[in-house]
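Okay, so here's the structure we're looking at.
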Amino acid sequence: MLALTRAGRTDLPEDEESWRALLLSLTPDDPDCAAFALISPPDRPALLQAPVPGGKLAGFKPVDTPDELDMLVMSKSHDIKAGALPADDAELWLYALVSLQTQEGFLGAGNYGIARMNGGFASRPGFGGTRDRLSGDSFVADCRRALEKRAELSMALGYLPQGGIALTWLLPWDGATSLRLDQLDLNFIDVCRRVRLVERGGRLVALAISTKAPRIEARAAKGDTGDLWTPVIVDKEGRKAFTADARGWSYQQLVRLMFPQMNKKGETVVPSPLQSLDDLDADGDLVMLGRVLVRGQGKTEGYHERRVPISRLVSAGFGRRPKETDEIAAIARDRVQDAGAFARQVLFPALMAVFSGAPRSEAGERTRDDDTTKSRAGDAGGRFDTLLDVHFFDDLADEVEVVGDKAAIERVRADWIRNRLFCIGTRVLGDAIAAAPDAAARHWRIRVAAEDVFNACFRKQFGNRLAAADQPMPAYRWADLDAELAAEEMPDD
């Protein structure tokens, strides 16, 4: 995108030489490709490596392998250790450089993070609408959409419309000075650490040194830098980049991002620039794509990637027609609330009956309704969301297809409550009963008590809605569940 913008082009080249010429136009002071090489003299730029003033590498410390340079936090005491990758593989060094310089956060004094996320312990997400095709097709579509949005975003966020710094590693960096956002191009590429690759003894080695200041001073922006794939959270204190947590792209998080609404805290979500569907054809392969490597304080909480097919939603008007979009958003949020109500008001009390041992307080037994019991019940109940997540958006599309027919919506929702929420809940509760340690003399009392709590809470929470939709009330007995599980385990003849 940067090269296309500088060249004033909107069409993408289709051959290697044209791309090469476009990229070199970004580095007129380095026509020999040094700025795109892994190794160049220290006083000149190398790929994602800023020039060292004077070219002296005194004080730089060696980093021997690519995974030691990478942003992943690993341990010397566990199976996954740093320092395990070969140092002679240039491609691995390239991946490590890209990961470190464009995703890393704060990691101790002198180790600052990138500008495009909200704080040193946050993560840089990628979330947007695209085609579920080959990555090349998606790249072409995203470039064209980004070029169309460039002028508007640059003006709104105060970037230079022309001539801003784009490749931040082209300028010398002494570690004590920072660039300002208003000096940059909207699509600038960050480098957050002073690193140089060198060759020693026939092998590649990275040299790194701490800094007194971040490469880009952007703390006030809180990650709201116009990144094309980053949603923004707006609250009473202003705007900040969205930060994913260890759950990754759960259905609750996706509904929040895809169907923004102000919550009880006064927060709302501004979709990422490439989340818009207006400029994508609804041809049967549209997805919402989320990718993020979740960081934590001194730890890594996993790489999360998810594709949510949305062509059925788009066909019903989502993202195209305001009225239908609002109706679909309301349905999605209502389903999240129903699932949450089921987990809290139906499943959790039944799990508490299991893990508290179904005590009879009047008989003098200790009631174990303590924090440990609640924690165990909460952990077991977490499987409910995991199992529901697999089906959530397909089930949502079933209801979306009858938008406008109130009676049909009620029937579809009631069927989902009865045949999805209830059935997943029985499976989770049955597994908890089977796994929970208990005395043989108390096993059946626990089992019956949990069943009674589950059925009673379900009837109280959802009984009227099922009756209004002419759906029979389920009565799942654990004997039925045992028979069903046994049938599933029988081999085919």
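The values are calculated or read from the model by the stated rules, or taken from the named source; none is laboratory data. Everything quoted here is computed from the prediction, not taken from an experiment. Cβ placement follows ideal geometry from the backbone for every residue including glycine, while neighbour counts extend to all protein chains displayed. With ligands, DNA and RNA removed, areas are computed over all heavy atoms of the protein, side chains included. Shrake-Rupley method; radii C 1.70, N 1.55, O 1.52, S 1.80 Å.
At a glance:
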read-out	value
The chain: antiparallel DSSP beta bridges as a percent of all, rounded to 5	90 percent
Mean Cβ count within 10 Å, highest first, over the residues of peptides 140-152, 95-107	95-107, 140-152
The range 1-70: GluC sites (Glu not before Pro) in DSSP loop, at most 10 other beta carbons within 10 Å	GLU14
Trypsin sites (Lys or Arg not before Pro) restricted to the range 233-326 and DSSP loop, no more than 10 other C-beta within 10 Å	LYS236, LYS264, LYS265
Relative contact order %, the chain, counting alpha carbon pairs below 8 Å whose residues are six or more apart	13 percent
Angle in degrees between helix 371-400 and the longest Cα principal axis of the chain, rounded to the nearest 10	80 degrees
Solvent-accessible area per residue for the chain (1.4 angstrom probe, square angstrom)	50 Å²
DSSP-defined beta bridges in the range 84-226 - what % are antiparallel, rounded to 5	65 percent
The range 366-475 - percent of accessible surface contributed by carbon and sulfur, probe 1.4 Å	51 percent
Cα gyration tensor shape of the range 219-269, rounded if a/c is under 1.5, else prolate or oblate by comparing a/b with b/c	oblate
Environment charge at ALA343 (Cβ cut-off 11 Å; Lys +1, Arg +1, Asp -1, Glu -1)	0
Principal axis dimensions, largest first and in whole angstrom, of the chain by Cα	82, 57, 54
Listed pairs LYS222/LYS265; LYS264/LYS460; LYS236/LYS406; LYS212/LYS299; LYS222/LYS299; LYS265/LYS406 exceeding 28 Å between Cα atoms	LYS236/LYS406; LYS265/LYS406
Efficiency of FRET from Cβ geometry, GLN252 and ALA456, R₀ 22 Å, rounded to 0.05	0.25
Accessible surface of the range 179-338, 1.4 Å probe, proportion on carbon and sulfur as whole %	50 percent
